[in-house]
Every structure is written in structure tokens, then in C-alpha cells.
1. Calculate the FRET efficiency for ASP232 and THR206 from the Cβ-Cβ distance with a Förster distance of 22 Å, rounded to the nearest 0.05.
2. What does the charge add up to near ARG131, with Lys and Arg as +1, Asp and Glu as -1, over the other residues with Cβ less than 11 Å from its Cβ?
3. Charges on Cβ only, +1 for Lys and Arg, -1 for Asp and Glu, centred on the Cα centroid of segment 145-278; of ILE192, HIS259, LEU237, which one is farthest towards the dipole's positive end?
4. With point charges of +1 on the Cβ of Lys and Arg and -1 on the Cβ of Asp and Glu, referenced to the Cα centre of segment 125-261, which listed residue (VAL173, PHE129, VAL158) lies farthest in the positive direction of the dipole?
5. So what is the calculated 222 nm ellipticity per residue for the chain, using -39500 (n - 2.57) for each DSSP H run with n of 4 or more, over all residues, to the nearest 500 deg cm²/dmol?
6. Using Cα-Cα distances under 8 Å and only pairs 6 or more residues apart, what relative contact order does segment 4-277 have, in percent?
7. Residue separation times 0.36 nm, minus the C-alpha to C-alpha distance between ASP105 and GLU22: what's the value?
8. Could you list HIS150, HIS50, HIS276 in order of exposure, starting from the residue whose Cβ has the fewest other Cβ atoms within 10 Å?
Amino acid sequence: MVRKAVIPAAGLGTRLLPATKEQPKEMLPVFVKSGGRLVVKPLLQLVFEHLYDAGIREFCFITGKAKRAIEDHFTPDYDFLEELEKRNKQDYVEELSAFYRRLEDSIIVWVNQPKPRGFGDAVLRARSFARDEDFIVYAGDSFVLSNDNHYIKRLLEVHESYKPAATMLVKEVEDPRIYGVVEGDFVEDDLIRLRSVVEKPQEPPTNIASIAVYAFKPLIFDALTRVGYGRDGEKQLTDAIQLLLNWGFEVYALMLGSHEKYIDVGNPESYWEALHQF
């Protein structure tokens, strides 16, 4: 049973400047329905809550410079709750109390990535946290909208049933050149056994792209230590997944359902679109 999640949230967010000069992009607000009313939450809180609701109880956040706001937000502030109660803001008290109960019921570890050296580098820094257990990776600047919040459980079911070295979520996209692109054979209507995965190819073999939600065996850390840093100075997680395939291990990709939507806040256009999806 997978109990641990690694949440990389150390990117600089340069494409969202000046808003992200002090505010981490993962903490940008989105609008969601909660208890029948509209609530504003940081995107990273939604990621945490989806993972918690799927049964995860141990979390490792990979953060970097200027990310203190994340740790502050994920630290319960009961004095603030008392102040809200004095002001008769009961709806907000209930909303924050529910978040704090999840935090109190979780183990949270903070790991620093001093320089943004790629998604793979961020995941590798969680090695001492994951140890010899399987774990989930969920990027802190992206999210999957799902009515039943079942996509994480489906991912884990595939990972535990087929026991591959890695399982990942994928979706069809219009321009796969800006994603990690997978190629393989369908073994079920929504499940692919991979032959290859390549990061941002100029000539994509398919239009099926990886999105930043994965389940891994600890073997991924061995692969990450073997792959180098590219010309951009970053270590790519997709390169490590391809190395697993080269070593002869199985990797599976699960297609998002038709009722599920992937969003990210990586640039102004995608953030604008995300706000209209919620």
C-alpha cells in the first residue's frame, strides 16, 4: 500500500512574474466549491487534500528559496482560528479547521532544493524520505479536476496490481512538443504499457503526454542518479523513466478519464484557463 507522497514545489515561477516574485506559484489562488459555497484556496492545498483523501498520510514537500509562504500555510495557526471565532466568521473557521485536521493527521517533511535543477533533481532529494517504499509524485503547480477524485486511487490500483517500476497519468494533447511524450501498446482501454518516453520532442511519436502525477518503486532513485543534467542544467524525470525501460522494467501509463481535466499554473495563459475550469 502506498502511503507516501513527494510534492515538488521549488520552481521559480519566472513565467508568472511579477506575481511570483514573492508569492510561490504553487500558492496562487483558485476558486472551488466547498460546502455549497465558493471558496478561494491555494492550488497546493488542493493537491494535498486530494492526496490525503486518497489515503496518503506522509508528505514530503520539495521547496526552495522564497517558498517560506508554503511552510507557513501548512502550519496550523489556532490563534488565528480563535480570532475568526471572535468575529463570528464560522464558515471560515470550519473550512480552516478541516484543513488543520488533515495536517495534524499527517506527517509532513520539508526538503530544500537550493537551486532549481529540474523536476528529476527535486524528486531525487526525497530519497531519504521514501526509503524502500513505493510513493506518489505530484507536482505542486498542477492539478486534476475530477468529480469523484478517483484518479489517484485508479493510479494506485494499477500500480499495485501490475507492480511496474513506474505508473504515470497521461492525456491526449494538441501540441505534445511541450510535454513528455509516451509511446506504447494499449493493454486495456485506458492503460498503456510503455515502450518509450521522451521529453519535449521536436517530432513527437504520439500526442499522448505525461502529466505530473506518478507512482514509483524506489528503483527510480537509482535511475535518477544515473541520468545527468542536460544542457539547460536540469535533470529530467522522463529521462530516468526511459532508463527504467532500457533496463527492462515495465512502466504503465493510465489515461485520464473523459470527465477529468488537467490544469497547471505554469504560465499566464494556463493559469487563466485554470481559473475558468474550476
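Read the figures in this text as sums done on the coordinates, not as results from a lab. All of these numbers come straight from a predicted model, not from anything done at the bench. In this analysis, Cβ positions are derived from the backbone assuming ideal geometry, glycine residues included, and neighbour counts consider all displayed protein chains.
1. So, using R0 = 22 Å, E works out to roughly 0.40.
2. Once all neighbours under 11 Å are counted, the net charge is -2.
3. Value computed over the given set: LEU237.
4. PHE129
5. Taken over the chain, the calculation gives -9500 deg cm²/dmol.
6. The normalised contact order for segment 4-277 reaches 23 percent.
7. Difference between extended and current length: 26.9 nm.
8. Going from least to most buried by this count: HIS276, HIS150, HIS50.
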